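A quick write-up on the structure given underneath.
Bear in mind these aren't lab numbers, they're just calculated from the coordinates by the rules spelled out. All values derive from a computational prediction rather than experimental measurement. A quick note on method: Cβ atoms are made from the backbone with ideal geometry, for glycine too, and the neighbour counts reach across all protein chains shown.
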Amino acid sequence: MAISNTSNATSSNIKPKLNFWQIWNISFGFLGVQIGYSLQNANTSRILSAIGADPHHLSLFWLAAPLAGFFVQPIVGLSSDKTWTRLGRRIPFILGGSIVSALAMFFMPNSEHFAELLPPLFFGATMLLLMDTSFNVTMQPFRALVSDMVPDSQRNKGYAIQSFLINAGAVVGSLLPFFLTWIGVANEPGPGEKVAPTVIWAFYFGGGALLLSVLWTSFRTKEYPPNDYARYNNIEAGNTERVSFLTLLKNVPPTMMQLAVTQFFSWFSLFLMWVYTTQAIAQSIWHTSDPASQAFNEAGNWTGVIFAAYSVFAALYSLALTKLADKFGRKNIYMLSLIAGGIGLVSLMYITDKNMLFIPMIGVGIAWAAILALPYAILSSTLPPKQTGVYMGIFNATITLPQIAAGLLGGFVLSLADEKAINVVAIAGVSMIIAGVMAKLVIKTKE
């Protein structure tokens, strides 16, 4: 069901309530975006290792994502706040970013075949940067779109549904290489090749799913025209007063700065987990560090499986998140969820059976669902409607800066962890627990 402003809009200044499918359509494109993003999370280290990256330098390659987000999201947010086209304010950016990201997904796992143009590792890193940049162009407007379209009384529900779709996409993306292996696609590189066919075909499927799901949102969601948007948010229609970016920074809501403390430790943790989990379980369970070996590729597939598992748990938890946050308060649920994730990551140190890895993923999934929904639900009600997009973009710095820090320090942390990737994952767990404590101590909000 498409959102129809003519059927829902009235002369009232109150933003209309939406039904379930209208809220679902707003975020459905995020399903495909997350399929692509989760494929990247689970397989980037695997691809880069296969085409020659040193393990000590892996975290530096992963800097592409946070650096892209740091610069791109505020620009996209500011631009979309000021944009109105036949497709709307946010949707043109969502659609354009998805097309570029899908193309980058088609090229990245084939980096070795472009050696005549660029060295494979350099080509792969370039595609990673392009992919991450366009992912950010697509993701940022999705966050703002929920805030634009959903009334305050449905804010928890809107972001919980978005969290569910994100995690459903992550399940599909994470499982794709494992599923392709199961149906008979080769999981080892052929003679003279570097990347397994399972990974290549998974990226093809992910890019296609991304495009189709974003097209669904683009054609099934009709954004509020400028006059309606102004009326629903009690702002003057057609007001073109310009506010400098520095002025916006000076007027950042206090809640954003409070959330930034928790965001630093939670996203520092997630970055280390994404970069080092494949190496961690390859070393601790498959007892190998050779990226060309069958054992390492099995560990790579299993990383996708357990990442899918935490996404399943996150999707299930997100279904209960609205009621839990309404009953016990967003901040309290946020704190407990992050601590559960931290405990899960630390416990990986003590597991030697691959099937037991599903247990700690329960805690990781609980934390991930909360991270995807609660900070935005807490923040969105404090943002001025005219600058929702740009402030959502600025808020992305609380995600990207900790990842940049983790990327720059990743090699040092690995050395500090006695060259054992599993110890790095445990350090990530401690960081997540600290994030939970900070959520309780630092965030000051009305529940």
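Summary of computed values
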quantity: Region 141-202 - charge dipole about Cα centre, Lys and Arg +1 at Cβ, Asp and Glu -1, debye rounded to 20; calculated: 180
quantity: Global geometry of region 126-177, whether rounded, prolate or oblate, following the gyration tensor of its Cα atoms and the 1.5 cut on a/c; calculated: oblate
quantity: Rounded Å value of the spacing that divides the Cα centres of region 12-33 and region 155-201; calculated: 26
quantity: Computed over the chain: relative contact order in percent, which uses C-alpha pairs under 8 Å that are six or more apart; calculated: 28
quantity: Value of relative contact order over region 192-338, rounded to a whole percent, pairs C-alpha under 8 Å and six or more apart; calculated: 11
quantity: Residue order, fewest to most beta carbons within 10 Å, for Ile166, Ile281; calculated: Ile281, Ile166
quantity: Residue (of Ile200, Ala340, Pro119) at the positive-pole extreme of the chain, dipole from beta-carbon charges; calculated: Ala340
quantity: Which of Phe268, Leu374, Pro109, positive extreme of dipole for the chain (C-beta unit charges); calculated: Leu374
quantity: Backbone HN-Hα couplings from phi across region 39-44 [Karplus 6.51/-1.76/1.60, Hz, Gly and Pro as x]; calculated: 4, 5, 4, 7, 10, 4
